[in-house]
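Just so you know, all these numbers are worked out from the coordinates, no wet-lab data involved. Given the structure is predicted, the values throughout are model-derived calculations rather than measurements. As a convention, Cβ positions derive from the backbone with ideal geometry for all residues, glycine included, and neighbour counts pool all protein chains shown.
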Amino acid sequence: MVIDILKIIGAVGLLLICIGIIIKKRKNQDISFIFGGLLLLLYSVYIKDWVFIILQVVFTLSATYDLIKNLKNN
C-alpha cells in the first residue's frame, strides 16, 4: 500500500513539472515546479537513489530561488 502511494506521489510530481512547462505565468510556473520537485524528492528518497535525490534538491532550490527573485522584481 505504501509503495503504491509513493509511486502515485512521484507521478503527480512529474505531472506538476510537466504542467509547469506549459504554464505561461512565471509565478504559477515556479510554484508548479516547486511542488512537483518536492513530490519527486519524496519518491526519490523512497527509492534511495542518491543521484536522483541530489538532482531533485537542486531543481527544487533553483525553482524556489527563481520564484523569490521574481517576487522581489515585481
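Can you work out which of the residues in the range 20-42 that are more than 11 Å from the chain's Cα centre (by Cα) and in a helix (DSSP H, G or I) is surrounded by the fewest Cβ atoms within 10 Å (Cβ to Cβ)? Don't jump to the end; show me each part of the working.
Of all residues in the range 20-42, those more than 11 Å from the chain's Cα centre (by Cα) come to 21-28.
Among the residues that remain, those that are also in a helix (DSSP H, G or I) are: 21-22, 26-28.
On the way: I21: 10, I22: 8, R26: 14, K27: 13, N28: 13.
Selected residue: I22.
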- Message: L14 - would you say it is out of contact with any Gly (no Cβ under 6 Å at 6 or more places or on another chain) and buried (at least 18 other Cβ atoms within 10 Å of the Cβ)?
- Response: no
